[in-house]
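This report refers to the structure that appears directly beneath it.
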Amino acid sequence: MLQRAGFDVAHAAVSGGIFNYLYALRSAAAADIVVILRKTFPAPMLWLLRWLSSRLVYDFDDAVFCNSDGSPSATRMRRFTAMAGTCDHILAGNGFLAGTAARFNPAVTVIPTSVDTSQYAAESPKPDDSIDLVWIGSRSTRKYLLEVLPALRLASVRLPRLRLKVIADFDLPEAGLPTLAVPWTSATEASELASAHIGIAPMRDDDWSRGKCALKVLQYMASGLPVISSNVGANAEVVDDGVTGYLVNSDESWCERIVELAADTSLCSRLGDEGRKRVLADYSVDPVFSRMRPVFDALS
């Protein structure tokens with residue numbers, strides 16, 4: 001999108017050895033705007049980048065200021081504070097991240113995660129002999145799925161046809177209900193999502209989880225699926241409860257909403273249609289870029 005808008009774009013990796021760092025610094029000196037994606041730096045590297053860069057932007061969509069278990073990290077917060085304070089502008093992936101960054105720099109714009117909705121337009125038949133809950137992710141986020149298993153087992157008692165479809169890099173034989181493990185590939189992602197009945201997005205309520213930017217939810221909605229999500233963080237910002245899906249707070253409410261959707265295909269269709277409309281209007285590439293473009297125009 002930046003190239004289509006008339007910007008010349010180059011990428012420089014700042015890992016893998018001293019020569020990559022030197023190349024990144026040289027590229028920064030030649031650029032009108034330098035965008036740092038998520039990474040924070042030790043003080044000497046940050047000082048060099050600031051000195052060499054005409055305009056410096058920090059773009060982050062994770063809670064890089066805390067540990068991945070949600071606990072505070074003095075070292076990460078110190079580096080984040082220095083990064084936020086020295087940049088000309090900050091692009092934050094959600095309101096929680098923006099609020100944290102604004103403590104150190106008032107020039108913050110929320111730029112939510114976007115999805116290419118054209119990639120999620122697949123129409124795939126849904127199985128008749130099972131009700132598929134789909135979860136997409138990776139081994140690193142497996143812990144969230146494990147925590148919702150008691151609720152899914154509870155629902156499976158009431159719905160013997162319930163099946164958990166996991167699109168990831170792992171299987172889940174200990175789930176306690178029928179499962180279908182599907183290795184993730186870019187070629188099959190859209191069709192595997194579309195062939196499910198309900199998308200699920202369990203999350204913890206901690207700072208690391210609040211920093212997540214609802215990609216799973218957006219993928220489900222772009223695929224026309226009704227969503228059930230924990231009432232946490234950006235997921236709660238994206239899901240319009242009762243309109244595009246449901247926000248839940250307990251095992252019992254997880255179970256109730258699963259049973260409700262499984263019994264009403266017209267409700268599933270209505271929520272799924274509204275979800276896709278929401279993504280097209282607010283979270284597809286064009287509307288998200290329209291929020292980003294003025295920042296770069298103002299800095300140019």
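The values are calculated or read from the model by the stated rules, or taken from the named source; none is laboratory data. Please read these numbers as outputs of a predicted model, since none were measured by experiment. Please note: Cβ atoms are built from the backbone with ideal geometry, for glycine as well, and neighbour counts cover all protein chains shown. Each accessible area value is taken on the protein alone, full model and side chains, heavy atoms only, with ligands, DNA and RNA left out. Shrake-Rupley method; radii C 1.70, N 1.55, O 1.52, S 1.80 Å.
Could you tell me what percent of the DSSP beta bridges with both partners in the chain are antiparallel, to the nearest 5?
Among the beta bridges of the chain, antiparallel pairing accounts for roughly 5 percent.
So how long is each side of segment 1-44 along the principal axes, counting just the alpha-carbon atoms, biggest first, in Å?
Principal-axis extents of segment 1-44 (Cα, largest first): 33, 19, 17 Å.
Using the Kirkwood radius over Cα pairs, work out the Stokes-Einstein diffusion coefficient for segment 181-300 at 37 °C and 0.692 mPa s, in µm²/s as a whole number.
215 µm²/s
Which longest run of the chain has no exposed loop site in it, a site being GluC sites (Glu not before Pro) in a DSSP loop with at most 11 other beta carbons within 10 Å, and the site itself not part of the run?
175-300
Assuming a ≥ b ≥ c are the square roots of the Cα gyration tensor eigenvalues, decide whether the chain counts as rounded (a/c under 1.5), prolate (otherwise, with a/b larger than b/c) or oblate.
It comes out prolate by the Cα gyration axes.
Given H placed on each backbone N at 1.01 Å, which residues far from Gly176 in sequence or on other chains put an amide H within less than 5 Å of it?
Correct list: empty.
Measuring from label point to label point, each 7 Å out along Cα→Cβ, what is the Ala281 to Ala102 span in nm?
It is 2.4 nm.
Once you have the Kirkwood Rh of segment 141-206 from its Cα pairs, apply Stokes-Einstein at 37 °C and 0.692 mPa s and quote D in µm²/s.
It diffuses with D of about 257 µm²/s by this estimate.
Ordered by residue, what ³J(HN,Hα) values in Hz, to whole numbers, does segment 272-278 give under the Karplus form 6.51 cos²θ - 1.76 cosθ + 1.60, where θ = phi - 60° and Gly and Pro are x?
x, 5, 5, x, 5, 4, 5
With +1 on each Lys and Arg Cβ and -1 on each Asp and Glu Cβ, how big is the dipole of the chain about its Cα centre, in debye rounded to the nearest 20?
With only Lys, Arg, Asp and Glu charged at Cβ, the dipole is about 940 debye.
Based on the alpha-carbon gyration tensor of segment 22-63, what equivalent-ellipsoid semi-axes (square roots of 5 times the eigenvalues) come out, in whole Å, largest first?
Three semi-axes, in Å: 17, 12, 8.
Show the residues, 5+ positions off or on another chain, whose built amide H is closer than 5 Å to the amide H of Leu162.
Excluding prolines and chain starts, which carry no amide H, the hits are Ile131.
Read phi for every residue in segment 286-299 and hand back ³J(HN,Hα) as whole Hz from Karplus 6.51 cos²θ - 1.76 cosθ + 1.60, θ = phi - 60°, with x for Gly and Pro.
Per-residue couplings from phi come out as 5, x, 5, 5, 5, 7, 7, 3, x, 5, 5, 4, 5, 8 Hz.
How many percent of all Cα-Cα pairs in segment 4-96 sit more than 15 Å apart?
62 percent
Rounded to the nearest 500, what is the chain's calculated 222 nm mean residue ellipticity when only DSSP H runs of at least 4 contribute -39500 (n - 2.57) each, over all residues?
Calculated at 222 nm, the ellipticity per residue is -12500 deg cm²/dmol.
Order His89, His11, most accessible first, counting only protein heavy atoms with a 1.4 angstrom probe.
Per-residue accessible area, sorted high to low, gives His11, His89.
Please report the carbon-and-sulfur percent of the accessible area for segment 63-206; probe 1.4 Å, protein heavy atoms only, DNA, RNA and ligands left out.
Within segment 63-206, the accessible surface is 54 percent carbon and sulfur.
Taking only protein heavy atoms and a 1.4 Å probe, what accessible area per residue, in Å², does segment 189-283 have with all protein chains in place?
On a per-residue basis, 35 Å².
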